[in-house]
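Asks: Just passing along the structure, written as structure tokens.
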Amino acid sequence: MPMLSVGALMIATALSALPTPPDEAAGWKAVARADRYDARTIFQYIDGHGEVYLAYGMTACHARRYAGPKGEGDVVVDVFEMASAADAFGVFTHSREGEAMDVGQGAAFGYGTLAFWKGRYFVSVYAERESERSRAAVLALGRAVAASIGETGEPPALVGRLPRAGLDGTSLVSLRHPRILEAHVPVGPDNPLGVGPQAPAVAARYRTGGGTADLVVVEYEDAAAAEAAGAGFAQAFLDGGRPAHRDDGWCAEAALTPKVRAFVLRAPSREAALGLLAEAMKGALP
């Protein structure tokens, strides 16, 4: 029997450990065994969208299709194993839409799709044709997968740096890739905030006097990296280090700790920008 390389063994172990969607639920039956993908083959399944999952450290995906009663269409279950629980939470925040649901550790249902996270796993269950019956099947399959995941996890501690006052909770996103940040807060293509694998971030929109503003909080590897990012942001957005008005609003930044910095963009006024920074500097949420 041929020996597996260390890399192949790690992939095989990850794949075999994935939670398995059930054979049937609410009248929908699996049409075949689940398909399995890793970080190298995910584009065979999700052409053009695999980058998002890779940006959150995806290691494996387990996909299974279910056929429903005549005329109801199929339901598809995708179970993604991410690098960590923080990454599973992050990819959930990037893609959630619709009403909050009590599935896993956080879920949203909209446009026929249930998305949730639990432990290291992000799960998407979607109906190709929306109906009351397919909705019931989506929820039943999602709850079955959630029940099969025996672990839980915590959101990244950086989320606690976001002030509560004025927060639009549905806008909160956790990330560690500049393209994900750009999708939510347009800071430009050159990554002026220095976000990356060693510099994770959280971003959210806030209701302020006269409109809304974006707050991005980044934790850097060390104080030198934080200083460099602050200098880069100041050069791109500020006026000699002071708050400045750009085409889409006011910008400002401040150090929360030697390694953590907060950046405000698109605020409706100078006062709103400085007020949001002051809230961020008060510390973690209770």
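Asks: Can you give the local net charge around N191? Use residues other than it whose beta-carbon is closer than 13 angstrom to its beta-carbon, Lys and Arg +1, Asp and Glu -1.
Replies: On the way: positive: R176, R179; negative: E182, D190.
Neighbourhood net charge equals 0.
Asks: Next question, about the same structure. State the extension gain, in nm to one decimal, for the chain segment bounded by T257 and E154, taking 0.36 nm per residue of separation less the distance between their alpha-carbons. Working shown, then result.
Replies: On the way: separation 103, 0.36 × 103 = 37.08 nm, distance 2.21 nm.
Extra length from T257 to E154 when fully extended: 34.9 nm.
Asks: How do the peptides 173-184, 156-167 rank, highest first, by the average count of neighbouring beta carbon atoms within 10 Å per residue? Intermediate results must be reported in sequence, preceding the final value.
Replies: On the way: 173-184: 20.5, 156-167: 16.8.
Taking the mean over residues of other Cβ atoms within 10 Å, the ranking is 173-184, 156-167.
Asks: Another question, then. Within region 18-82, report the chymotrypsin sites (Phe, Trp or Tyr not before Pro) that DSSP leaves as loop and that have at most 14 other Cβ atoms within 10 Å.
Replies: Working: sites: W28, Y37, F43, Y45, Y53, Y56, Y66, F80; in loops: Y45, Y56.
Of the chymotrypsin sites (Phe, Trp or Tyr not before Pro), the ones in loops of region 18-82 whose Cβ has at most 14 other Cβ atoms within 10 Å are Y45.
Asks: Which entry is the computed semi-axes √(5λ) of the Cα gyration tensor in Å for this structure: (i) 41, 26, 19; (ii) 39, 22, 15; (iii) 41, 22, 18?
Replies: Given (i) 41, 26, 19; (ii) 39, 22, 15; (iii) 41, 22, 18, the calculated one carries the label (ii).
Asks: Between the DSSP loop rule and a limit of at most 16 other Cβ atoms within 10 Å, which GluC sites (Glu not before Pro) in region 57-155 are left?
Replies: Numbers: sites: E72, E81, E97, E99, E128, E130, E132, E151; in loops: E72, E97, E128, E130, E151.
Of the GluC sites (Glu not before Pro), the ones in loops of region 57-155 whose Cβ has at most 16 other Cβ atoms within 10 Å are E97, E128, E130, E151.
Asks: What residues have an amide H closer than 5 Å to that of T59, excluding those fewer than 5 places away on the same chain, when H is modeled at 1.01 Å from N in the peptide plane?
Replies: Under 5 Å from the amide H of T59: E81, M82, A83.
Asks: Putting +1 on Lys and Arg Cβ atoms and -1 on Asp and Glu Cβ atoms, find which of L181, V195, G230 reaches farthest to the positive end of the dipole of region 179-234.
Replies: Going by the Cα projections, it comes out as L181.
Asks: Ordering T152, T59 by accessible area with a probe of 1.4 Å, largest first, what comes out?
Replies: Details: T152 100, T59 55 Å².
Listed by decreasing accessible area, they come as T152, T59.
Asks: State the Cα centre-to-centre distance between region 246-268 and region 204-233 in whole Å.
Replies: Centre-to-centre (Cα) distance: 5 Å.
Asks: Using a 1.4 angstrom probe on the protein heavy atoms only, could you order D214, D222 from most to least accessible area?
Replies: Working: D214 5, D222 65 Å².
From most accessible down to least: D222, D214.
Asks: Follow-up question, since we're still on this one. Determine ³J(HN,Hα), in whole Hz, for all residues of region 55-66 in sequence, where each value follows from phi through the Karplus function 6.51 cos²θ - 1.76 cosθ + 1.60 and θ = phi - 60°; x replaces Gly and Pro.
Replies: With the stated coefficients, region 55-66 comes to 5, 9, x, 4, 10, 7, 9, 10, 10, 9, 9, 10 Hz.
Asks: In addition: Can you tell me the FRET efficiency between R164 and D239 if r is taken as the Cβ-Cβ distance and R0 is 35 Å, rounded to the nearest 0.05? Could you put the intermediate results ahead of the total?
Replies: Numbers: r = 30 Å, r/R0 = 0.85.
The pair R164/D239 has a calculated efficiency of 0.70.
Asks: Still on this model: Select from region 56-92 those trypsin sites (Lys or Arg not before Pro) which occupy a DSSP coil region and have at most 16 other Cβ atoms within 10 Å, ordered by residue number. Walk me through the numbers on the way to the answer.
Replies: On the way: sites: R64, R65, K70; in loops: K70.
Those that pass, being in a loop and sparsely packed, are K70.
Asks: Express in nm, to one decimal, how much length is gained between L274 and E97 on full extension, taking 0.36 nm for each residue of separation and deducting their alpha carbon distance. Write out the running numbers ahead of the final one.
Replies: Numbers: separation 177, 0.36 × 177 = 63.72 nm, distance 3.05 nm.
Result: 60.7 nm gained on full extension.
Asks: Can you give the calculated 222 nm mean residue ellipticity of the chain, where each DSSP H run of n ≥ 4 adds -39,500 (n - 2.57) and the sum is split over every residue, rounded to the nearest 500 deg cm²/dmol? Write out the running numbers ahead of the final one.
Replies: On the way: 7 runs with 78 residues, N = 286.
Helix contribution divided over all residues of the chain: -8500 deg cm²/dmol.
Asks: In nm, give the distance between the simple-model label positions of R129 and S84, each being 7 Å from the Cα along the Cα-to-Cβ direction.
Replies: Placing both labels 7 Å along Cα→Cβ, they lie 4.4 nm apart.
Asks: Something else now. How much length, in nm to one decimal, is gained on full extension between A223 and D23, taken as 0.36 nm per residue of separation minus their Cα-Cα distance?
Replies: Working: separation 200, 0.36 × 200 = 72.00 nm, distance 5.15 nm.
Extra length from A223 to D23 when fully extended: 66.8 nm.
Asks: In whole Hz, what ³J(HN,Hα) sequence does region 104-113 give by Karplus (6.51, -1.76, 1.60; θ = phi - 60°), x for Gly and Pro?
Replies: These are the phi-based 3J(HN,Hα) values: x, 9, x, 8, 9, 10, x, 6, x, 10 Hz.
Asks: Once phi is turned into θ = phi - 60°, what whole-Hz ³J(HN,Hα) does the Karplus curve with 6.51, -1.76 and 1.60 give for every residue of region 168-177, x standing for Gly and Pro?
Replies: Running phi through 6.51 cos²θ - 1.76 cosθ + 1.60 with θ = phi - 60° gives 8, x, 6, 8, 5, 9, 10, 7, 8, 9 Hz.
The values are calculated or read from the model by the stated rules, or taken from the named source; none is laboratory data. None of the values given here were measured: they were computed from a predicted structure. Don't worry about glycine lacking a Cβ; one is built from the backbone with ideal geometry, like all the others, and counts go over all protein chains shown. Calculation scope for accessible area: heavy atoms of the full protein, side chains included, ligands and nucleic acids excluded. Shrake-Rupley method; radii C 1.70, N 1.55, O 1.52, S 1.80 Å.
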